[in-house]
Structures are given as structure tokens and as C-alpha cells.
Amino acid sequence: MGRLTLRAAGRARPETVWRRYACVDRWASWSPQIRAVHTPERRLAAGMRGTVESVVGLRVAFLVESVDQDHRTWTWRVRLGPTRLRLRHDVRGQGHGSMTSLTMHGRWPVLLAYAPFARAALRRLVRP
């Protein structure tokens, strides 16, 4: 098992970036690999379950493990068949914008294959 951390900085305010995470209906607007999120809840919350539908039609099951609104962090697990990842997101203020990071835990081939997509999403997430 491996661990990989990605970071992106941008001019979007930390509050804006956090709102983009917190409203699951907006995930597809900044994450180019996501077509839709299927869950009864509209706001990010611990215990939330659902699936993320990719632009190629794959549906990945997820469970949100924790959400800390005050510190702007959240952790979730995703699963597609035998493939599992644990992802931790956080948002911080930096200069006149924000910094977001994603720490992923899983098998190295999966982490390395997903990293370019995740990096692109993080860059879009912190744009104003």
C-alpha cells in the first residue's frame, strides 16, 4: 500500500473552495472526470454514501468518513470492485487565495493512474 499527496494553489478564496467541496452537486463543475454524484444528500456530511459516476460511465461507490467544517478537511473511501482508495482533502488560506491538498492511500498502480486526473481537478478547484 502506498500514500501520495497532491497540492494545488490558486486565487479562489478558501471559503469558495470549501463550498465547492461541500455542495456535492458542484463536484462535476470542477472535477473533469466526474459526470454526476448519486446520493440522497446534497451537502457533504460524515456517513454520506453514494456513487460517483465518471465521464466514461463507471460508478464508484463511496462513503464519507469524516467532515470538519471548521478546519475545512474531509475524508472518504471509494471502491470499484476490489480497488479501494482512502482520500483526505483539506483547504487552507494562502496569500491572496487558497491551497488544497489531497492525500491518497491505496495500491501504487491505482494511485499513479489516478494522480493526473486528481491533479487536474485540484487545479480547477482553486481557480477563482
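Here, each number is a calculation from the coordinates, and none is a lab measurement. For clarity, every value in this text was computed on a predicted model and none was experimentally measured. Backbone-built Cβ (ideal geometry, glycine too); neighbour counts: all protein chains shown.
Scanning for something more than 19 Å from Arg123 (Cα to Cα), among the small types (Gly, Ala, Ser), surrounded by fewer than 18 Cβ atoms within 10 Å (Cβ to Cβ) and in contact (Cβ under 8 Å) with a residue 60 or more places away in the chain, does region 36-55 turn up at least one residue?
Within region 36-55 (the criterion being more than 19 Å from Arg123 (Cα to Cα), among the small types (Gly, Ala, Ser), surrounded by fewer than 18 Cβ atoms within 10 Å (Cβ to Cβ) and in contact (Cβ under 8 Å) with a residue 60 or more places away in the chain), the answer is no, since none of the residues qualifies.
Assess whether Val110 counts as being β-branched (Val, Ile, Thr) and crowded, with 19+ Cβ neighbours inside 10 Å.
When the stated conditions are applied, Val110 does not pass them.
So, in region 56-91, exactly how many residues are farther than 19 Å from Thr103 by Cβ and surrounded by 15 or more Cβ atoms within 10 Å (Cβ to Cβ)?
Residues flagged as farther than 19 Å from Thr103 by Cβ and surrounded by 15 or more Cβ atoms within 10 Å (Cβ to Cβ) within region 56-91 amount to 2.
Of the residues in region 84-119, how many are basic (Lys, Arg), under 13 Å from Leu6 (Cβ atoms) and in a strand (DSSP E or B)?
1
Just one of Ala118, Ala28 is in contact (Cβ under 8 Å) with a residue 12 or more places away in the chain and surrounded by 13 or more Cβ atoms within 10 Å (Cβ to Cβ); which is it?
Every option except Ala118 fails the conditions.
Out of the residues in region 5-34 meeting the condition of being over 14 Å from the mean Cα position of the chain (by Cα) and not in a helix (DSSP H, G or I), tell me which one is nearest to His89 (Cα to Cα).
Only one residue tops the list, namely Ala9.
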